[in-house]
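Encoded as structure tokens, the structure appears first; notes follow it.
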Amino acid sequence: MYRHAGDGIFEVAGVMQGGEFIVSKAATEKHRAELELLNSEKGGPPYEMTYALSLHSSVINTNFLPQFGGLWISWGQFIINRFATAKHLATLERMNAEGNPDSVLHTEATQG
């Protein structure tokens, strides 16, 4: 992952293993305490868990990126570990939607 450090300079911000959830800046600001609690959960290999993707799940397959390709992120996003993502995917999607009024899920999250 890369982020803008200022003055046209970009830096490596981290490496994704796969299966992590990137929470938007707005949702992180709104739900930081709960995100930290969820992210503190550790467990067995995530491949032993089933991911219940919704119709609105946004999955980025980074396996097809060119060498040194990556995700461009902004400051303030929160990355949830693979185990916690697999265990709490529906909750993470709801929290992300609640923090982002332009999200497709925002209306569903605030009405249900």
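Residues of region 5-24 that are surrounded by 10 or more Cβ atoms within 10 Å (Cβ to Cβ) and either more than 22 Å from Leu53 (Cα to Cα) or without any contact (Cβ under 8 Å) to a residue 24 or more places away in the chain (or both): Ala5, Phe10, Glu11, Val12, Ala13, Gly14. Among the conditions (1) within 25 Å of Tyr2 (Cα to Cα); (2) modelled with pLDDT under 75, the only one that Ser40 does not satisfy is (2).
I'd like to verify a number: residues in region 63-112 that are modelled with pLDDT under 75, among the aliphatic types (A, V, I, L, M) and surrounded by fewer than 16 Cβ atoms within 10 Å (Cβ to Cβ), how many? Matching residues across region 63-112 total 3.
Report, by residue number, each residue of region 72-105 that is part of a loop (DSSP other than H, G, I, E, B), out of contact with any helix residue (DSSP H, G or I) (no Cβ under 7 Å at 6 or more places or on another chain) and of a type in the set (A, V, I, L, M). Matches in region 72-105: Val104 only.
The values are calculated or read from the model by the stated rules, or taken from the named source; none is laboratory data. Because the structure is predicted, anything quoted here is derived from the model rather than measured. Heads up, the Cβs are rebuilt from the backbone with ideal geometry, glycines too, and the neighbour counts pull from every protein chain shown.
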